[in-house]
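Okay, so here's the structure we're looking at.
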Amino acid sequence: MSETDRCLVLASGSPRRLDLLGQITNAFTVLVSGVPEPVDESLSPAENVLAIAVAKAEAVAVLASNCLVLAADTDVVLDGEILGKPTGGDDAASMLRRLRGRDHEVLTAVVVFDTISASRYQEVVRSVVHIRDLTDSEIAAYVATGEPLNKAGGYAIQGEAASMVVQVDGCYTNVVGLPVCATVRLLRAAGMHLGPDFACPGHEETD
């Protein structure tokens, strides 16, 4: 296959990642990996998100003959601890009380796996997010919307939580769940032909 006709599979059912990848190319299909996303305490946060993204890519690769497979994993990190996704409303509120008035990191690992060559291209992108000093009532009202559930760190920056965020240092789309710049770089490195350069708002830091 030439670089212009490689098929691409997104190993994620996330609507946010689907939308962001759609800003890069419309030529892809979706296969959900179903891979668990445990926190491995023996790994650093960056190593942990990368290990999960690799596992997602490899799980889908066996079903994606001759295609490139794109996988990602995003986590919120506070004081070196991965917060993960809340188990319910109380857990989401607890996370937001810890995050309010402070900076935290958002790490996303992006992996592109070439099923023909078995080559793997990967990056971990880091952004720093500052959430304003929310009141308990603001947190309760936000949790009541249901939006924090199934979101790393208990919030969705592209949704109702937009008004909570004071500043993002780094790539905004990384916080949403798929750093566009890194994704474009990796797809090109894997041989996929794409159009003009894409840019993330702000500086994109990679580990």
Q. Cβ-Cβ below 7 Å, separation at least six or inter-chain, first residue in segment 17-38 and in contact (Cβ under 8 Å) with a residue 60 or more places away in the chain, second acidic (Asp, Glu) and in a loop (DSSP other than H, G, I, E, B): which pairs?
A. none
**Q.** Failed item in (1) of a type outside the set (Gly, Ala, Ser); (2) under 17 Å from the mean Cα position of the chain (by Cα); (3) over 20 Å from residue 139 (Cβ atoms), with residue 66 passing the rest
**A.** (2)
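One line per residue, one yes/no per condition, for (1) among the acidic types (Asp, Glu); (2) more than 19 Å from the chain's Cα centre (by Cα); (3) part of a loop (DSSP other than H, G, I, E, B):
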site: 116; (1), (2), (3): no, yes, yes
site: 121; (1), (2), (3): no, no, no
site: 125; (1), (2), (3): no, no, no
site: 130; (1), (2), (3): no, no, no
site: 134; (1), (2), (3): no, yes, yes
site: 138; (1), (2), (3): yes, yes, no
site: 141; (1), (2), (3): no, yes, no
site: 148; (1), (2), (3): no, no, yes
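Is there a residue in segment 128-146 that is touching a residue at least 60 places away in the same chain (Cβ under 8 Å) and either under 20 Å from residue 171 (Cα atoms) or in contact with an Asp or Glu (Cβ under 9 Å, 6 or more places away or on another chain) (or both)? Break it down stepwise before answering.
Step one: of segment 128-146, the residues touching a residue at least 60 places away in the same chain (Cβ under 8 Å) are none.
Within segment 128-146 (the criterion being touching a residue at least 60 places away in the same chain (Cβ under 8 Å) and either under 20 Å from residue 171 (Cα atoms) or in contact with an Asp or Glu (Cβ under 9 Å, 6 or more places away or on another chain) (or both)), the answer is no, since none of the residues qualifies.
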Q. Only one residue in 118, 59, 64 is in contact with a strand residue (DSSP E or B) (Cβ under 8 Å, 6 or more places away or on another chain), over 26 Å from residue 161 (Cα atoms) and without any contact (Cβ under 8 Å) to a residue 60 or more places away in the chain. Which one?
A. 64
Q) Considering 71, 51, which residue is small (Gly, Ala, Ser) and surrounded by fewer than 23 Cβ atoms within 10 Å (Cβ to Cβ)? A) 51
Q: Within segment 165-180, work out how many residues are out of contact with any Lys or Arg (no Cβ under 6 Å at 6 or more places or on another chain) and among the hydrophobic types (A, V, I, L, M, F, W, C).
A: 5
Q: Starting from residues that are of a type in the set (Asp, Glu) and not in a strand (DSSP E or B), keep the ones in segment 168-207 and report whichever is modelled with the lowest pLDDT.
A: 197
Q | Odd one out for residue 158, checked against (1) of a type outside the set (A, V, I, L, M, F, W, C); (2) closer than 30 Å to residue 89 by Cα; (3) at pLDDT 95 or above | A | (3)
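The values are calculated or read from the model by the stated rules, or taken from the named source; none is laboratory data. Only a predicted model underlies this, so the values are computations on that prediction, with no experimental measurement involved. Because the Cβ atoms are built from the backbone with ideal geometry, glycine has one as well, and the counts that use them run over all protein chains shown.
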